Amino acid sequence: MIQNTDETPINYTACCTLADLTPQPTIEAEKIKNAKRGEILNKDCLLTLREMQNETVDLVVTSPPYDNMRDYGHDTKFMFQIICRELCRVIKKGGVIVWVVNDQTIKGSETLSSFKQAYSFVNNGLNLHDTMIWKKPNPVPTQSTRYQQAFEYMFVFSKGKPKTFNPIKVKSKYAGTKVKKHRAVKSSHNYNNEGIYEVANMKMIDNVWEIANTKNDSKHPAIFPKELVKRHIETWSNENDLIYDPFAGSGTTLIVAKEMNRHFIGNEINEQYYEYAKTKLF
């Protein structure tokens, strides 16, 4: 296992005590599904996680409040290590956690918080299945001695091999082209007896997704692009799976899950954002 040498907590606080955080599972996935399509809760995600049964969630898509880079109207310090442990407990075998984060630069050096968090998920038994990039064609202009920050990490963790993979495909630029096998190149293509294969009409997209950032409004400072969430939900889950977002914000993950016929549950501790998300959801 990779060991996180930085044992200092990220100055975590939460609106609950450590005694409150002992898992006391009462929420079962089937009960959530049978009760209604989904819900958003105005309380700390740790209080919800402790109530969840082991291995009940199919997919987590979230972006935590990282490095105090935005003002969310409340204390954004959170008990990451415990949240990480609980997410790893409630995710199903074959389930996936998509963790969208970035790092703040302080005194000329990036904090590496995103990678420390990635190490923690691996230390808790998950695989780092893929390190994907969300490339922003419209990043916020900056004036410094650094190139303009135009991406965020999308860490894809899985409990074992992902049980669902529905790859997104686009039309191939070279569809129908006949390619001759080269002796020195290993390939998985299906060549015919003459050592030739024909490029398929469709090809899988790569792991760098260029998606425009959603224009923020007065209700929330960092709204997730629906297209980004849609792609992850389509790739890593099927209809009627349970999607969870512990930092729901304006509710984008939950809204897209509902539109795609998935069950969903989310937490948002800020009452203003919670009410805003609820009006869009129901």
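The single condition among (1) under 22 Å from Ile211 (Cβ atoms); (2) without any contact (Cβ under 8 Å) to a residue 40 or more places away in the chain; (3) more than 14 Å from the chain's Cα centre (by Cα) that Tyr174 does not satisfy is (1). Counting the residues of the stretch 152-174 that are over 20 Å from Phe121 (Cα atoms) and among the small types (Gly, Ala, Ser) gives 1.
Within the option set Tyr197, Tyr191, being outside any loop (DSSP other than H, G, I, E, B), surrounded by 10 or more Cβ atoms within 10 Å (Cβ to Cβ) and at pLDDT below 80 holds for one residue only, Tyr197.
Only strands (runs of 3 or more DSSP E) whose full extent lies in the stretch 34-152 are considered here, and the ones with at least 2 residues that are touching a Phe, Trp or Tyr at 6+ places or on another chain (Cβ under 6 Å) and at pLDDT 95 or above are 57-62, 91-101, 127-135.
The values are calculated or read from the model by the stated rules, or taken from the named source; none is laboratory data. All figures in this text were calculated on a predicted structure; none of them were measured in a lab. Every residue, glycine among them, receives a Cβ derived from its backbone with ideal geometry; neighbour counts consider all protein chains shown.
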